[in-house]
Amino acid sequence: MSQKILSHVEASSLKPSVAPFAIGDTVDVHTRILEGEKERVQIFNGVVIARSGSGSREMFTVRRIVAGEGVERKFPLHSPKIAKIEVKRSGVSRRAKLYYLRDRVGKSVRLREKREEQAEAAASAKKSSKKPAVAKA
């Protein structure tokens, strides 16, 4: 019973639409920052190395390199401080957490890009290459 009540209360704080992104994607996170009376949007771009939690407590970690130093930042997914999340590039990842990128330097940090067009073309070519069964009478 209490779980139903909790999920109902949480539903009001969830964002209606969240950009679909996955681990390994390069994203731009637009965050709202208050400076005195003014509000501005600051962009933090990097690779998503982790997602954790669920519901209103869902978080994601973005990592980027600044002046040769790795910088990681955790964001709450449904926070009103996040204006939007833009996916710049989709990366191929076979793991749920990409913590191994912390130990890498230079070009080895890059991930292979997921190619949507080639995957669709290969799938359609596979379907068309199948020959229909010929019935002998």
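The values are calculated or read from the model by the stated rules, or taken from the named source; none is laboratory data. Model, not experiment: these values are computed from the prediction. Here the Cβ is made from the backbone with ideal geometry for all residues, glycine too, and neighbour counts use every protein chain on show.
Evaluating Gln42 against the criteria (1) over 30 Å from Lys107 (Cβ atoms); (2) not in a loop (DSSP other than H, G, I, E, B) leaves one unmet condition, (1). Taking the criterion of being within 10 Å of Ile49 (Cβ to Cβ) and of a type in the set (Asp, Glu), the only residue of region 60-100 that qualifies is Glu72.
Just to check your reading of the model, which residue among Gly36, Gly70 is at positive phi and among the small types (Gly, Ala, Ser)? Spell out the reasoning first.
On the way: Gly70 fails: at positive phi.
On inspection, the qualifying residue turns out to be Gly36.
When the residues of region 1-31 are filtered to those that are out of contact with any Asp or Glu (no Cβ under 7 Å at 6 or more places or on another chain) and acidic (Asp, Glu), the one that is nearest to Arg64 (Cα to Cα) is Asp25. Residues that are part of a loop (DSSP other than H, G, I, E, B), exposed (fewer than 14 other Cβ atoms within 10 Å of the Cβ) and either touching a strand residue (DSSP E or B) at 6+ places or on another chain (Cβ under 7 Å) or at pLDDT 90 or above (or both) within region 80-91 comprise just one, Lys81. Look at region 7-28: where a residue is surrounded by 12 or more Cβ atoms within 10 Å (Cβ to Cβ) and at pLDDT below 90 and a partner is outside any loop (DSSP other than H, G, I, E, B) and acidic (Asp, Glu), sitting 6+ places away or on another chain with Cβ atoms under 8 Å, you get Ala19/Glu86.
Within region 1-17, track down each residue that is closer than 17 Å to Leu77 by Cβ and out of contact with any helix residue (DSSP H, G or I) (no Cβ under 8 Å at 6 or more places or on another chain). If you could, list the steps in order and put the result at the bottom.
As a first pass, look at region 1-17 and keep what is closer than 17 Å to Leu77 by Cβ: 7, 10-17.
Result: Ala11, Ser12, Lys15, Pro16, Ser17.
Kindly indicate whether Val62 is at pLDDT 90 or above and touching a His at 6+ places or on another chain (Cβ under 9 Å).
So Val62 does not fit the description; no.
The residues of region 29-70 that are among the β-branched types (Val, Ile, Thr), loosely packed, with under 14 Cβ neighbours inside 10 Å and farther than 16 Å from Leu101 by Cα, listed by number, are Ile33, Val41, Ile43.
Close Cβ contacts (under 9 Å, 6 or more residues apart or on different chains) running from residues in region 54-79 that are in contact (Cβ under 8 Å) with a residue 24 or more places away in the chain and part of a loop (DSSP other than H, G, I, E, B) to residues that are aromatic (Phe, Trp, Tyr) and surrounded by 14 or more Cβ atoms within 10 Å (Cβ to Cβ) comprise Leu77/Phe60.
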